[in-house]
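Engineer: To start, I am sharing the structure in question, which I have written as structure tokens.
Where a number appears in this text, it was derived from the coordinates with a stated rule and is not lab data. Note that the structure is a prediction, hence the values are computed from the model and not measured. Note: ideal-geometry Cβ built from the backbone for every residue, glycine included; neighbour counts use all protein chains shown.
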Amino acid sequence: MNYEMNKFTACPLDCYDSCEIIYKDSKIKAVKNRHTKGFLCSKLNKYLDNEIITKPRYLGKEISKEELLLKLKEIISTTLNNRTLYYKGSGNFGLMQEITEHFFSSYGATLTDGNLCDGAGEFGIIEGRGSNKNLSISEVEKSDVIIVWGRNPHTTSTHLLPLLKNKTIIVIDPVKTEIAKKSDLHIQLKPQGDLSLALLLSRFLVINDDIDEEYLNKFASEYKDFYELTQTVRIKATIDDIGVSLGEIGKLLELVKNKKTSIVCGVGIQKYKSGAEVMRAIDAFAVMLCLFGKEGSGVVYLGDSKDGIESPFHNKSKRVSKVDTLFSNFDTVFIQGANPLSQMPNSLRVKKSIEKVKNIIYFGLHENETSEIADLVIPAKTFLHKNDIRTSYSHTIMIDMPKILDTDIGISEYNLTRYLCDEFDIKLEKEEFYIEHFKKFTFTNENGSLSVKNREEIPYKNGFDTDDGKFEFLEEYDKFISDNKLYLITSKSKNSLNSQFKRDKYVYLNSSLGYEEDEEITISSSVGKVTLKVKYNNDLRDDCILIYSGTKGVNNLTSSQHSFDGKNAIYQELRVEIINN
Ligand SMILES: Nc1nc2c(c(=O)[nH]1)N[C@H]1C(S)=C(S)[C@@H](COP(=O)(O)OP(=O)(O)OC[C@H]3O[C@@H](n4cnc5c(=O)[nH]c(N)nc54)[C@H](O)[C@@H]3O)O[C@H]1N2
Ligand SMILES: Nc1nc2c(c(=O)[nH]1)N[C@H]1C(S)=C(S)[C@@H](COP(=O)(O)OP(=O)(O)OC[C@H]3O[C@@H](n4cnc5c(=O)[nH]c(N)nc54)[C@H](O)[C@@H]3O)O[C@H]1N2
Ligand code: SF4
Ligand SMILES: [Mo]
């Protein structure tokens, strides 16, 4: 009989909410009395129904676990370490997932840097504030007004929704999202119009004399220079260009006046070359509103989930960017918890480059574009079948993720690393050592949970973390340029976690564009094409099309260039056209 206990653990997925869960009666449930309020999202509710890879494979043929390990050792030992690349994605957010990096780094392989996700925004935040400290969601709960700026909480942070009840909600998003439909004000601006909008909002604050000079002199003394910068934005031409009205700007400023306000940003604002500047301009508006360092006010972004925690793993290595990786420079590429053939930008470039690699190793849970082309496929274990521990970017809790079930399927990151370190004579501590190491950065809070030390609930109370403690404003920006092509919006879908689980397969567009539902159309950008079936979505502007992250072929359309700052992917920079089939 399968012996099962009621065990507490955490959802492993790369998601704002980092839910605490319980495994009971063969089911995954939410822990009550926590921020989950007893519910999980559809991805976790259906998690156990997903098909996973059960058998290792080499060149398409099933092999035993012993054969797998020997093959892996053979591949690594016959590749020069400087021709070996370790590429890790965000399939699992457990801190122990990085143990594999310890081996590859100690061995002398190349690792990655750069970011497919939030790096541009993070860079912008650090430029302005000197650090990236997130406002905790318990503070958001105390706000009167919440501005949801480029985030889609009904899809990507469902546990934020209960906190939004009975508050004034303002949404800034080119899509009429579910939260936009429920909001007090929705500014449905053109994609990429955020930087201009943030500068205009700051400018009108000064024009209306709605600023607190005492606060600004203390925390942001360069605000007059910043005001001058905002004056370079031509009002009439800009509002027409970005699809916003003066009435909307006025209403927003009226709604936030003298109110505790949180600005909850998502990654939607920064999938552009100028992504860092956009975030910095939004932060600047928050400074002009005096939102930092006060209860129930501030800016929420992804935050740094590892803030305050030192890594116990070796990770000083040569690195190449994961945005435009030249896979062909390597003979062996070890891919863990990632599906680069779908999720990296410019899929055709990725495919061409990776096809030249002699040994492609995929270490993951699910079959996908990357497992399909891999020479060696290593099945991973799910979070229920291995020991781990995780932190979050939206709350300060560290959650233990002990092994709950036994299985012969797959291998844990620790055990794989144990094997490799033993074979290649690299020092590795016991698994418990590392888990205990992470716990050293916590204290037990009043609820009995572990909280990461030194993470303030209200950051920047005593000023910013810049050299002089003052906010550093943006000093220049790139002007918004509009053209007649369509904007590609590529955000997250409800039932997938990027390319995991139930992936979407349509292109969504406004019915006024004149295409039929279920008609196949080809969309092209300067780097590639994809053919998809049409679904109507009149919540979109008529100058935008939407293809969700995880949809096969979406990244045929996206550029592998980096953001100007922050080494981030820029999934929405290139405009697209529909070409008739
Ligand atoms: N269900 C589900 N949840 C997820 C994920 C998933 O794949 N599925 N992925 C997880 C991951 S990895 C991440 S990083 C987070 C991201 O979660 P979010 O931050 O919510 O990111 P997105 O869904 O990419 O985009 C959010 C919103 O930005 C809007 N947007 C697009 N372009 C612009 C623009 O130019 N300006 C403005 N103002 N808004 C714009 C989109 O219309 C969308 O409503 O979600 C996590 N949670
Ligand atoms: N067009 C477009 N592209 C995007 C985005 C977008 O919005 N639009 N979003 C970008 C963003 S924000 C992100 S974060 C990236 C995400 O891109 P990836 O990091 O590639 O994430 P996933 O697509 O979720 O693939 C995760 C992989 O991890 C594996 N996995 C899951 N759990 C485990 C485990 O415990 N161990 C191991 N070894 N493997 C595991 C799964 O089987 C799967 O293969 O995509 C980016 N790409
Ligand atoms: S909301 Fe996020 S953290 Fe919570 S169960 Fe769903 S995917 Fe996991
Ligand atoms: Mo992400």
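Engineer: So which aspartates and glutamates can LYS165 reach, going by Cα to Cα under 16 Å and dropping same-chain residues fewer than 8 places off?
Structural biologist: Answer for LYS165, where 16 Å is the Cα cut-off: GLU139, GLU141, ASP144, GLU178, ASP184, listed by chain and number.
Engineer: Please grab the % of Cα pairs in segment 313-371 that end up more than 14 Å from each other.
Structural biologist: Working: 956 of 1711 pairs.
Of the Cα pairs, 56 percent sit more than 14 Å apart.
Engineer: Please work out, to two decimal places, the log10 of the ratio I(q)/I(0) at q = 0.15 Å⁻¹ from a Debye calculation in which every Cα of segment 1-153 carries one identical scatterer.
Structural biologist: The Cα Debye sum returns log10 ratios of -1.16.
Engineer: OK, next. State the Cα centre-to-centre distance between segment 493-558 and segment 89-110 in whole Å.
Structural biologist: So the two Cα centres are separated by 33 Å.
Engineer: Given H placed on each backbone N at 1.01 Å, which residues far from ILE263 in sequence or on other chains put an amide H within less than 5 Å of it?
Structural biologist: Hits under the 5 Å cutoff: ILE147, GLY298, VAL299, VAL300.
Engineer: For segment 195-243 and segment 277-340, what is the separation of their C-alpha centers, rounded to whole Å?
Structural biologist: A separation of 27 Å, based on Cα centres.
Engineer: What percent of all Cα-Cα pairs in segment 486-579 falls in each 5 Å bin, counting up from 0?
Structural biologist: For segment 486-579, the pair-distance distribution reads 3, 15, 24, 25, 20, 9, 3, 1, 0.
Engineer: Non-local amide H neighbours of VAL171 (under 5 Å, H modeled in plane, Pro and chain starts lacking H): which ones?
Structural biologist: Sorted by chain and number, the residues that satisfy this are VAL148, LEU185, HIS186, ILE187.
Engineer: Something else about it: For segment 119-300, rounded, prolate or oblate, judged on the Cα gyration tensor with a ≥ b ≥ c (square roots of eigenvalues), a/c < 1.5 rounded, else prolate if a/b > b/c?
Structural biologist: On the way: a/c = 1.32, a/b = 1.14, b/c = 1.16.
Taking the square roots of the gyration eigenvalues as a ≥ b ≥ c, segment 119-300 is rounded.
Engineer: Counting DSSP beta bridges in the chain, what percent are antiparallel, to the nearest 5? Working shown, then result.
Structural biologist: Working: 36 of 79 bridges.
The antiparallel proportion sits near 45 percent.
Engineer: Out of GLN270, ASN258, PHE204, whose Cα points farthest toward the positive end of the dipole of segment 119-300 (charges: +1 Lys, Arg; -1 Asp, Glu; placed on Cβ)?
Structural biologist: Farthest towards the positive end: GLN270.
Engineer: Based on the Kirkwood radius over alpha-carbon pairs, what is the Stokes-Einstein translational diffusion coefficient of the chain at 37 °C with 0.692 mPa s viscosity, in µm²/s? Can you show the working numbers first?
Structural biologist: Numbers: Rh = 24.9 Å.
Stokes-Einstein gives a translational diffusion coefficient of 132 µm²/s.
Engineer: At GLU66 and LYS37, where each label point lies 7 Å from the Cα along Cα→Cβ, what is the point-to-point distance in nanometres?
Structural biologist: Here the modelled spin labels are 5.5 nm apart.
Engineer: Under 18 Å between alpha carbons, and skipping anything fewer than 8 positions from LYS358 in its own chain: which lysines qualify?
Structural biologist: Correct list for LYS358: LYS61, LYS71, LYS73.
Engineer: Given Cβ point charges of +1 (Lys, Arg) and -1 (Asp, Glu) and nothing else, what value in debye, to the nearest 20, does the dipole of the chain about its Cα centre take? The partial results should precede the final answer.
Structural biologist: Numbers: 77 positive and 84 negative charges, 234 e Å.
Dipole of the chain, to the nearest 20 debye: 1120 debye.
Engineer: What is the packing order of peptides 264-276, 422-434, taking the mean over residues of other C-beta atoms within 10 Å and listing the highest first?
Structural biologist: Numbers: 264-276: 26.3, 422-434: 13.5.
My ranking of the peptides, most packed first, is 264-276, 422-434.
Engineer: Taking θ as phi - 60°, what are the ³J(HN,Hα) couplings along segment 298-311 by the Karplus curve (6.51, -1.76, 1.60), each to the nearest whole Hz, with x for Gly and Pro?
Structural biologist: x, 10, 10, 9, 6, x, 9, 5, 9, 4, x, 10, 8, 6
Engineer: On full extension of the chain, what length is gained from SER131 through ALA237, given 0.36 nm per residue of separation minus the C-alpha to C-alpha distance?
Structural biologist: Values: separation 106, 0.36 × 106 = 38.16 nm, distance 3.47 nm.
Extending this stretch completely gives an extra 34.7 nm.
Engineer: Determine which aspartates and glutamates satisfy two conditions relative to LYS218: a Cα distance under 13 Å, and not lying fewer than 8 residues away in the same chain.
Structural biologist: Once the sequence-local aspartates and glutamates are set aside, what remains near LYS218 is ASP468, GLU472.
Engineer: How much of the DSSP beta bridge set in segment 486-579 is antiparallel, as a percent to the nearest 5?
Structural biologist: Details: 15 of 22 bridges.
Bridges in segment 486-579 that DSSP calls antiparallel: roughly 70 percent.
Engineer: Still on this structure, please answer the following. Step through the residues of segment 138-150 one at a time and calculate ³J(HN,Hα) from phi using the Karplus curve (6.51 cos²θ - 1.76 cosθ + 1.60, θ = phi - 60°), rounding each to whole Hz and writing x for Gly and Pro.
Structural biologist: Karplus-based 3J(HN,Hα) across segment 138-150 equals 5, 6, 4, 4, 8, 6, 8, 10, 10, 9, 8, 10, x Hz.
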